[in-house]
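Colleague: Take a look at the following structure, please.
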Amino acid sequence: MLLTFLLILGASFAAMAALLTGLVSSSLYAQRTRQASLSAEKLAASVAPFFAAADLESAADMLHSAAAEADGRVFLIDPEGKIQLDTLSLLEGTRIHVSEALQVLSGAQSRAYGVHALTDGEYAALCAAAMMEEDAVIGAVLLTTPVTELREAILGVERQLTSVFGAVAAAALVGALIFSFTLTAPIKALTSTIRRMGKGELSARVHVHTSGELKELAESYNTMAEKIENFDQSRSQFVQNASHELKTPLATMKILLENLIYQPDMPLELRQEFMQDMNHEIDRLSGIITDLLTLTQMDSQETAVKQEKVDLSDLCRSTVHTLRPAAEKAGLTLKDSIASGVALTGDVSKLSQVVYNLIDNAVKYTPEGGSVHVTLSADAHLARLIVRDTGIGIPEEDLKHIFERFYRVDKARSRATGGTGLGLSIVRQMVQLHSGEISVDSTLGKGTVFTVTLPVRKGDA
């Protein structure tokens, strides 16, 4: 781009220099031509009668006066091209070979003009004019004037123009280099960062101190890179946690199996207990795999969300009814305040899982004697489900992590209750699939409140 710019700039400057020099030269030479032509014509007209009358003395006086006035040299030439008079008296009697004089003597032109280089490095302008008598050419006057100073002046103008254009070209080159560096530096920085990221350095960020579109491009790239890095970290953490969660029940089952294998005389009651524990671990392993498959499908956007009319009121009442025996068995009170007629468009199975998981979690993490309260209400735009318990609560530092996969506030207690650490992650993603939001508020030792808001579209109610 810089080379193209310089080529265009250089060609433009060269064309401008040639044009200006040509205009100046043409103007100066045209002015000198007019002056010399007029002088030669006047002199030829004045000398012609004397030359025709063979009065060379009078003609000589006129030629010397004209040569002195023009600061040049004058030749009087007969029709055969022989020099009859030379104001310097050097070439008299010789034949002229100057093209301008020969053109005039041949009758091709009445006057002719040209510039010639002399042997001593000087330049002279030659102007020939015909001497006429009764429309016949009887000779010619050749006026020569030095134009070395004029040529030097023109060359000086050319040198000045060259210097000016050279300075402008140098300034343009410096400006182009600065502009090129300013323009390409952010692009080079971005390219270098992309290469680093392509080699696996996901933490690479581009630092561009610029504005406009390049700044937007850099910021967009940094945002994308941050998301990719977070996704990679999340994936690595997910694989690590999944491996750990899957390994735990497998290790437990291995220990139980080894005890059964190497203790053939184990009491029947203990053997049955081991078998029950193994069955429990298998159920737990199956639950983890099911939840992992559910999350994987939602991450890959393969989960289809059915669009059907869902009576959320009936769904909540049914879930409360299903979980009430478990709550009573745990010594809890499960209450509900469910408004009738709350309906929306969505996937009934996924919404059922959201409601079930939230109430089930509240039951599992509320000590004996506590209570769980389920509330459902709606306005013209939103349906609001609130699950409130008087359970153990969640520490403030853990609140921002509870929707993360495999995150447990109390790992030992969570495994004891059969949790996989994936339930709330699934709940959040299912709520988001329905364009809803979920939030949590908790006080350690006093209880937790989960609030789910879902949009009620026109015509759902």
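The values are calculated or read from the model by the stated rules, or taken from the named source; none is laboratory data. These numbers were taken from a predicted model, which means no experiment stands behind them. Neighbour counts are summed over all protein chains in view; Cβ atoms, including those assigned to glycine, are modelled from backbone coordinates with ideal geometry.
Colleague: In the range 312-336, what count of residues is obtained for those that are of a type in the set (Ser, Thr, Tyr) and either buried (at least 17 other Cβ atoms within 10 Å of the Cβ) or in contact (Cβ under 8 Å) with a residue 40 or more places away in the chain (or both)?
Modeller: Number satisfying all stated conditions: 2.
Colleague: Let me spell it out: the conditions are (1) closer than 19 Å to Ser442 by Cα; (2) free of Cβ contacts under 8 Å to residues at least 60 places away in the same chain; (3) not basic (Lys, Arg), and Ser340 meets all of them except one. Which number is the exception?
Modeller: Going through (1) closer than 19 Å to Ser442 by Cα; (2) free of Cβ contacts under 8 Å to residues at least 60 places away in the same chain; (3) not basic (Lys, Arg) one by one, Ser340 breaks only (1).
Colleague: Restricting the first residue to the range 146-162 and requiring it to be not assigned by TED's automatic domain parsing to the domain that holds Ala125, which pairs with a second residue that is modelled with pLDDT of 75 or more and small (Gly, Ala, Ser) meet a Cβ separation below 7 Å and a spacing of at least six or different chains?
Modeller: Close Cβ pairs (under 7 Å, with a partner that is modelled with pLDDT of 75 or more and small (Gly, Ala, Ser)) do not exist here.
Colleague: Would you please name the residue that is modelled with the highest pLDDT, looking only at residues in the range 415-437 that are under 15 Å from Lys350 (Cβ atoms) and hydroxyl-bearing (Ser, Thr, Tyr)?
Modeller: Per the criteria, the residue is Ser435.
Colleague: Let me ask something else about it. Can you find a residue in the range 152-172 that is aliphatic (A, V, I, L, M), out of contact with any Ser or Thr (no Cβ under 7 Å at 6 or more places or on another chain) and under 30 Å from Glu216 (Cα atoms)?
Modeller: Checked the range 152-172: at least one residue is aliphatic (A, V, I, L, M), out of contact with any Ser or Thr (no Cβ under 7 Å at 6 or more places or on another chain) and under 30 Å from Glu216 (Cα atoms).
Colleague: Now for a different question. For Asp232, only one of the following conditions fails: (1) among the acidic types (Asp, Glu); (2) at pLDDT below 75; (3) not assigned by TED's automatic domain parsing to the domain that holds Pro49. What is its number?
Modeller: (2)
Colleague: Is there any pair with a first residue in the range 262-291 that is within 14 Å of Lys247 (Cα to Cα) and a second that is basic (Lys, Arg) whose Cβ atoms are under 9 Å apart and which are 6 or more apart or on different chains, and what are they?
Modeller: Matching pairs, first to second residue: Arg284/Arg415.
Colleague: A further question on this structure: Which of the residues that make up the range 362-380 are at pLDDT 90 or above and under 53 Å from the mean Cα position of the chain (by Cα)?
Modeller: Of everything in the range 362-380, those that are at pLDDT 90 or above and under 53 Å from the mean Cα position of the chain (by Cα) turn out to be Ala362, Val374, Thr375, Leu376, Ser377, Ala378.
Colleague: Please go through the range 47-69 and give me each residue that is touching a helix residue (DSSP H, G or I) at 6+ places or on another chain (Cβ under 6 Å) and either outside the structural domain of Glu133 (by TED's automatic domain parsing) or farther than 12 Å from Thr87 by Cα (or both), ordered by number.
Modeller: If the condition is that a residue be touching a helix residue (DSSP H, G or I) at 6+ places or on another chain (Cβ under 6 Å) and either outside the structural domain of Glu133 (by TED's automatic domain parsing) or farther than 12 Å from Thr87 by Cα (or both), then Val47, Phe50, Phe51, Ser58 are the ones that fit.
Colleague: Scanning the range 125-168 for residues that are within 30 Å of Pro79 (Cβ to Cβ) and at pLDDT below 80, which turns out surrounded by the most Cβ atoms within 10 Å (Cβ to Cβ)?
Modeller: Val147
Conditions (1) under 21 Å from Leu56 (Cβ atoms); (2) in contact with a strand residue (DSSP E or B) (Cβ under 7 Å, 6 or more places away or on another chain), marked per residue:
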residue	(1), (2)
Leu85	yes, yes
Leu90	yes, no
Arg95	yes, yes
Ala101	yes, yes
Val104	yes, yes
Gly107	no, yes
Glu122	no, yes
Glu134	yes, no
Thr145	no, yes
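Colleague: While we're looking at this one, here's another question. Consider Val47 carefully, then state whether it is over 60 Å from the mean Cα position of the chain (by Cα), outside any strand (DSSP E or B), buried (at least 19 other Cβ atoms within 10 Å of the Cβ) and β-branched (Val, Ile, Thr).
Modeller: Considered against the rule, which asks whether it is over 60 Å from the mean Cα position of the chain (by Cα), outside any strand (DSSP E or B), buried (at least 19 other Cβ atoms within 10 Å of the Cβ) and β-branched (Val, Ile, Thr), Val47 comes out as yes.
Colleague: Has the range 381-404 got at least one residue that is farther than 19 Å from Lys446 by Cβ, among the aliphatic types (A, V, I, L, M) and modelled with pLDDT under 90?
Modeller: No, because not a single residue in the range 381-404 is farther than 19 Å from Lys446 by Cβ, among the aliphatic types (A, V, I, L, M) and modelled with pLDDT under 90.
Colleague: Do the conditions hold for Ser313, that is, is it more than 21 Å from Leu422 (Cβ to Cβ), in contact with a Lys or Arg (Cβ under 6 Å, 6 or more places away or on another chain) and modelled with pLDDT of 90 or more?
Modeller: For Ser313, the condition - more than 21 Å from Leu422 (Cβ to Cβ), in contact with a Lys or Arg (Cβ under 6 Å, 6 or more places away or on another chain) and modelled with pLDDT of 90 or more - is not met.
Colleague: Ok, one more. Collect the residues in the range 264-282 that are assigned to a helix (DSSP H, G or I), farther than 13 Å from Thr252 by Cα and either aliphatic (A, V, I, L, M) or touching a strand residue (DSSP E or B) at 6+ places or on another chain (Cβ under 8 Å) (or both), keeping them in residue-number order.
Modeller: Residues satisfying the conditions are Leu268, Leu270.
Colleague: Also, quick follow-up: Restricting to the range 54-72, give me the number of residues that are crowded, with 20+ Cβ neighbours inside 10 Å and not hydrophobic (A, V, I, L, M, F, W, C).
Modeller: Qualifying residue count, the range 54-72: 1.
Colleague: Please verify whether the range 210-231 includes one or more residues that are aliphatic (A, V, I, L, M), part of a helix (DSSP H, G or I), surrounded by fewer than 16 Cβ atoms within 10 Å (Cβ to Cβ) and in contact (Cβ under 8 Å) with a residue 24 or more places away in the chain.
Modeller: Scanning the range 210-231 turns up at least one residue that is aliphatic (A, V, I, L, M), part of a helix (DSSP H, G or I), surrounded by fewer than 16 Cβ atoms within 10 Å (Cβ to Cβ) and in contact (Cβ under 8 Å) with a residue 24 or more places away in the chain.
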